[in-house]
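Below is one structure, written out as structure tokens; the observations come after it.
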Amino acid sequence: MSENFKFLKKINNSLFDIISEAEKLYRDEYFEQCMTQTRRFGEHVCKDILKKHNQQTGSFDEMLSTLQDNSNGNIQEKEFIDDLYFLKKNGNESVHSGKIKKDGMIALECLKRAFEVAINYCVYANGASSDILKLNYDVELLVTGNKSKPSLKEKYENAKKELYVDNKKESSNKPKKEKVKLNNEKKIKTPKITIPLFWKFVFCLFVVSILIMGFLSIAVLIQK
């Protein structure tokens, strides 16, 4: 099964089978047959779209002309029609060529163009999810059957997400600074009152003199 075109299987299984065969031919190095098969794919995409809109179908050229006449001129439709013309041109050349050309690069380009045609067909003609527009054709998946490693863009986006998560964790784990309460008012310390030694001595003499005078007064009274 073609993993690159698996989104198409849900929309139109017949078209999926046609393009899957084209990928198989490419893997087996039947490059001209691959190009012919991608042309067939493009022709059937045109036919399906015109039938949905009750338009007449004919040759591939006639159907492309009808699509072009009914185009609104937006960039998606222009790219869609350009890709179909590319498939038709190279498919015709592979059929009518007098000698075999094993041109894998052109065949690969046909598959990539068919991939873009399939995406536009699914999204704009059948209302599929716009998430399909983010898909890219995976050449490694085509050749080996294994999904390729992330592209440089994907690596950058993943690294940016990881950095954001790490910074968020670091900020959440960082200890919060204690709020320091500032008090502009100075604490007024009550000064200790100290009595100089001299006055202590004077006070003692004063007490002693009073005591002596008291004793003398008592002695005088006794003698009387």
Exercise. Quote the Stokes-Einstein diffusion coefficient, in whole µm² s⁻¹, for the range 1-136, based on the Kirkwood radius over alpha carbon pairs, a temperature of 10 °C and a viscosity of 1.306 mPa s.
Key: 106 µm²/s
Quiz item: Among residues other than LYS51 whose Cβ falls under 15 Å from its Cβ, what is the net charge (Lys/Arg +1, Asp/Glu -1)?
Solution: -1
Self-check item: Stretchable slack from ILE212 to GLU140, in nm (0.36 nm times residue separation minus alpha-carbon distance)
Solution: 13.6 nm
Practice problem: Could you pull out the pairs from LYS51/LYS89; LYS78/LYS160; LYS47/LYS112; LYS88/LYS160 whose alpha carbons sit more than 30 Å apart here? | Solution: LYS78/LYS160; LYS88/LYS160
Quiz item: So what's the net charge close to PHE7: Lys and Arg +1, Asp and Glu -1, counting the other residues with Cβ under 13 Å from its Cβ?
Solution: 0
Self-check item: 9 Å beta-carbon shell around PHE86, net charge (K/R +1, D/E -1)
Solution: 0
Quiz item: If packing is taken as the mean number of other Cβ atoms within 10 Å per residue, what is the order of 103-110, 57-64, 36-43, highest first?
Solution: 36-43, 103-110, 57-64
Quiz item: Based on the alpha-carbon gyration tensor of the range 1-58 and its eigenvalue square roots a ≥ b ≥ c, which shape applies: rounded if a/c is under 1.5, prolate if not and a/b is larger than b/c, or oblate?
Solution: oblate
Quiz item: What ratio of Cα Rg to 2.2 N^0.38 Å holds for the range 39-92?
Solution: 1.03
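FYI, it's all coordinate maths here, none of it is from the lab. What you see is a predicted model, and the numbers here were worked out from it, not measured in a lab. All Cβ positions, glycine included, derive from the backbone under ideal geometry; neighbour counts span all protein chains shown.
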